[in-house]
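Here's the structure, in structure tokens; my notes come after.
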Amino acid sequence: MNQCVLAPHPHDDFLGCGGTTARRAQEGWHVDIELASSAGSANARGEVVARRDARFEDACAASNLLEAAPARLFPLPRVEA
């Protein structure tokens, strides 16, 4: 069996369905995690507080904890308001 998790942001994958993902991986399912992200995250003042690389490293570590395949990142362009 296969499961594909599509998450609009790093961390949404395990916050939204981490328990199900971990259970299925332990049951032998092949689990892929696909993430989309802009350059980083910003605080209320618009200051970048996390770089994409650091957030992606966190997502890969979470994929490992969930026993899923390594997360894949689909970078999105940063849109200025």
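Just a few scattered comments:
This table checks each residue for (1) loosely packed, with under 11 Cβ neighbours inside 10 Å; (2) at pLDDT 75 or above.
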| residue | (1), (2) |
| --- | --- |
| S41 | no, no |
| R45 | yes, no |
| V48 | no, no |
| A59 | no, yes |
| P75 | no, no |
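- Leading residue by the ranking (surrounded by the fewest Cβ atoms within 10 Å (Cβ to Cβ)) among those in segment 24-39 that are over 14 Å from A62 (Cα atoms) and not small (G, A, S): E27
The values are calculated or read from the model by the stated rules, or taken from the named source; none is laboratory data. Keep in mind that this is a model prediction, so the values were computed, not measured. All Cβ positions, even for glycine, are placed from backbone atoms using ideal geometry, and neighbour counts span all protein chains on display.
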